[in-house]
Amino acid sequence: MATAILYRSKHGTTLKAAQLIQAKLHDKIIDLYNLRHHRSLSIESYDTIIIGGSIHSGRLQSDLKRLMAKKQNELLTKKLGLFLCCMEEQPKSQHQFNQAFPEILRNHAICKSIMGGEFLLEEMNFAEKFLIKKAAGVTDSISKLKLEEIEYFAAKVNAS
C-alpha cells in the first residue's frame with residue numbers, strides 16, 4: 001500500500017499537519033508533496049491520497065483547487081482523505097471546508113478533518129502581519145493546531 005499526501009503550505013502549518021499524519025500512518029510508502037514545488041504530479045501508483053490545504057483570505061490555495069479539478073475522476077478511484085488548516089471555529093470552519101473541497105470529493109472521502117491552525121507571524125511578510133494583526137487582533141504567533149484531530153484522522157486512514 002502506498003499513500004501520497006498532497007498539500008499546500010505557505011507558512012508551515014499545513015506542512016506540520018501533513019508530517020504528523022505521515023508519522024502516524026502504517027503504509028510502507030508515504031510520500032509528501034508540497035504542490036508549491038510539484039506542479040505536475042502522477043497519483044496513479046498510490047492507493048490512498050490525502051489532500052490538505054489552508055485558508056488564506058477566506059480561500060483555499062488555487063493550485064490545490066486546480067489539482068482536484070484536473071484529477072477528480074482519478075481521485076474518485078482512490079481512498080481519499082481531506083484536511084483543512086484554519087483558525088476559524090465551528091460553524092465557520094465547516095463552511096470554509098465545504099467551500100474548499102468539491103462536494104463529490106467530500107462525499108467520497110473516507111475521512112475529513114478540520115485541524116485548527118496557526119498564525120506564525122515570523123513566517124509572514126509585512127502585509128500579512130499587518131492584516132492578521134488588524135483583522136484578528138493578534139500580536140504574537142499562536143497555535144491552535146488540534147493534535148487530537150490529527151491523531152483521529154490518521155487512525156481513520158489506517159483503519160480503512
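Residue separation of Ser57 and Leu121 scaled by 0.36 nm, minus their Cα-Cα distance, works out to 21.5 nm of gained length. Relative to one another, the C-alpha centroids of the stretch 142-160 and the stretch 17-56 are positioned 15 Å apart. If you take the beta carbon distance between Asp140 and Arg39 as r and set R0 to 41 Å, what does 1/(1 + (r/R0)^6) give as a FRET efficiency, to the nearest 0.05? That gives a FRET efficiency of 0.75. Computing Kirkwood radius over Cα pairs in Å directly from the structure and comparing it against [x] 18.4; [y] 15.9; [z] 19.1 singles out [y].
Here the 3J(HN,Hα) profile of the stretch 32-42, calculated from phi with Karplus coefficients 6.51, -1.76 and 1.60 at θ = phi - 60°, is 9, 10, 7, 5, 5, 10, 10, 6, 10, 9, 9 Hz, Gly and Pro shown as x. Within the listed set Ala100, Ala127, Ala109, the residue fluctuating most in the Gaussian network model of the chain (springs between alpha-carbon atoms under 10 angstrom) is Ala127.
Pairs exceeding 18 Å between alpha-carbon atoms, taken from Lys79/Lys156; Lys10/Lys134; Lys10/Lys71; Lys24/Lys156; Lys28/Lys112; Lys24/Lys78: Lys10/Lys134; Lys10/Lys71; Lys28/Lys112; Lys24/Lys78.
Simple rule: put +1 on each Lys or Arg Cβ and -1 on each Asp or Glu Cβ in the chain, find the dipole, and look at Ile50, His26, Ile104; the Cα lying farthest toward the positive end is Ile104.
Antiparallel beta bridges, as assigned by DSSP with both residues in the chain, represent about 15 percent of the total such bridges. Across the accessible surface of the chain, with the other protein chains kept in place and a 1.4 Å probe, carbon and sulfur atoms take up 50 percent. Where only DSSP H runs of four or more residues are counted, the chain gives -11500 deg cm²/dmol as its mean residue ellipticity at 222 nm, each run worth -39500 (n - 2.57).
Relative contact order, whole percent, for the chain stands at 24, derived from Cα pairs under 8 Å and 6 or more residues apart. Within the chain, the longest run free of GluC sites (Glu not before Pro) that sit in a DSSP loop with at most 15 other Cβ atoms within 10 Å is 90-160.
A simple charge model with +1 on the Cβ of Lys and Arg, -1 on the Cβ of Asp and Glu and nothing else charged puts the dipole of the chain at about 400 debye relative to its Cα centre. The phi torsions of the stretch 52-69, fed into the Karplus equation with coefficients 6.51, -1.76 and 1.60 and a -60° offset, translate into couplings of x, x, 9, 9, 10, 6, x, 9, 6, 4, 5, 5, 5, 4, 4, 4, 5, 5 Hz, rounded to whole numbers, with Gly and Pro shown as x.
The values are calculated or read from the model by the stated rules, or taken from the named source; none is laboratory data. Not measured: the values here are computed from a predicted model. Positions of Cβ are generated from backbone atoms using ideal geometry, with glycine treated the same way; all protein chains shown enter the neighbour counts. Each accessible area value is taken on the protein alone, full model and side chains, heavy atoms only, with ligands, DNA and RNA left out. Shrake-Rupley method; radii C 1.70, N 1.55, O 1.52, S 1.80 Å.
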